[in-house]
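What follows is a set of notes on a single structure, which appears directly below.
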Amino acid sequence: MTRHASPPARVVVFGAAHEDLTLCVAELPRAGETALSHDRFHGCGGKGANQAAASAAAGARTSFAGVLGDDDRGRRVRRGLTEAGVDLSEAITSQTSATGVAVVLVDQRGSNQIVVDIGASAALTEARVNEVLDTCDHEDLVVTQCEIPAHLVDSVIAGAATRGLRAVVNLAPFTVLSPESLRSAWLIVLNEHEAADALGRAAGDDAATACTALLGTACVVTRGGRGSLAATPDGDSHRVSADHVDDVVDTTGAGDVFVGTLAAALLTSGPSYGSLPAAMRRASTAAAASVGRRGAQPIALEFMRTAAESA
C-alpha cells in the first residue's frame with residue numbers, strides 16, 4: 001500500500017483584508033487641522049491579510065480565511081496575497097458587500113495614523129469560522145486579531161480550543177473580549193499601548209507578566225524600538241531587543257509582520273513555549289526590516305525571507 005505523506009502544518013489566519021490608500025505628509029495633523037499630502041500610493045492591507053503575508057514570507061504554509069468583495073479592490077487584494085504565497089482557498093467572496101478600505105497617513109518619520117472601514121470583512125460568520133476550523137489539522141496554528149467583530153474573534157478562539165488547536169490572538173486594535181476567550185487563547189500578542197489599555201495603567205517592564213496574570217495565558221508585549229517582552233503561565237519571562245533601524249520609512253504593518261513571523265516560527269513548536277524567545281527574535285528582525293519600506297504589503301518580503309533564513 002502506498003502511504004501518502006500528510007501536508008505540512010499551516011498557519012490559518014482569520015481576519016480583515018482591505019485596500020490601503022496611503023497619504024504621505026510632513027506632519028500628522030492635529031485634531032481639526034488639515035494636512036496636505038506630498039505623495040500617495042495604494043497597497044493591500046488589513047491586519048489579517050498582513051499577518052498572513054508575513055507568515056508566508058517567513059516560510060510557513062499559510063491560509064487566509066476572510067471575506068472580500070466582488071470588486072476591483074477585492075481582486076487587487078487577492079492578487080497581492082497570492083503573489084505573497086498565501087493560500088486563498090478558505091477566503092470567500094461577498095456579492096453584497098464591498099471590499100474595505102483604509103486611509104493611512106504617514107509622516108516624514110514613518111509614524112502613522114490609520115482609519116479603517118473593514119467593509120466585506122465584517123461579513124465573516126460564525127458558521128464559516130467553524131467550517132474552516134473543521135479543516136484544520138491538530139498541528140495547525142490559528143491566528144486572529146480584533147479588526148473583525150469581537151464576537152467572531154471569540155468564536156475563533158473558542159472553536160480552536162474546542163478542537164484542541166492553538167490560537168494566537170493579536171489584541172489589536174484593543175478590544176474587550178470575554179475572559180473565557182482570553183484564557184482559552186494559547187498566546188496573546190499586544191503592543192505596549194494595548195497592554196496599557198488592558199491593564200488600566202502604563203505598561204512598564206513588567207507588562208508581559210502583568211498581562212499574563214490578568215488575561216490568564218501567555219502574553220507577548222511589543223515595544224517598538226525597545227524590543228519585546230513575554231511571560232508564560234508557568235512563570236517564565238523573556239526580553240528580546242529590537243534590531244536597530246537607521247532609516248525608518250513607514251511603520252505601517254510592522255506589528256503585523258511581527259505577529260505573522262512569530263506565528264510561522266512557532267508553527268512546529270507544539271504546545272510548549274520553549275521556542276518563544278527564538279521566535280520573538282526572528283519576528284523582531286522581520287519587523288525591523290519592514291519599516292524600511294513603504295506600505296503594509298508587500299511587507300519587505302525579500303528582507304523578511306532573508307531574516308527568516310538567517311535566524
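Figures for the structure shown
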quantity: Share antiparallel - DSSP beta bridges, the chain, percent rounded to 5; calculated: 40
quantity: Where no second cysteine Cβ lies under 4.7 Å, the cysteines concerned in the chain; calculated: C24, C44, C136, C146
quantity: Cβ-based charge dipole, the chain, positive-most Cα from A283, Q108, A207; calculated: A283
quantity: Size of electric dipole in the stretch 10-310: Cβ of Lys, Arg +1 and of Asp, Glu -1, about Cα centre, debye, nearest 20; calculated: 260
quantity: Equivalent ellipsoid dimensions for the stretch 10-310 as semi-axes, Å, which come from the Cα gyration tensor, largest first; calculated: 26, 24, 18
quantity: Charge tally in the Cβ shell below 15 Å around A202, where Lys, Arg are +1 and Asp, Glu are -1, A202 excluded; calculated: -2
quantity: Highest to lowest packing among 90-103, 11-24, scored as the average C-beta count within 10 Å; calculated: 11-24, 90-103
quantity: Protection-proxy order for peptides 263-269, 111-117, 191-197, each taking the mean of Cβ atoms within 10 Å per residue, highest first; calculated: 263-269, 191-197, 111-117
quantity: Other-chain or far-sequence residues with amide H under 5 Å of A65's (modelled H); calculated: V13, F14, G15
quantity: Cβ charges +1 (Lys, Arg) and -1 (Asp, Glu), total dipole of the stretch 69-217, debye; calculated: 180
quantity: Cβ charges +1 (Lys, Arg) and -1 (Asp, Glu), total dipole of the stretch 145-270, debye; calculated: 420
quantity: Percent antiparallel among DSSP beta bridges (both partners in the stretch 28-151, rounded to 5); calculated: 65
quantity: Extension gain from R79 to A35, taking 0.36 nm per residue of separation minus the Cα-Cα distance; calculated: 12.6 nm
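Every number here is computed from the coordinates shown, using simple stated rules; none is lab data. Please read all numbers here as calculations on a predicted model, not as lab measurements. Note: ideal-geometry Cβ built from the backbone for every residue, glycine included; neighbour counts use all protein chains shown.
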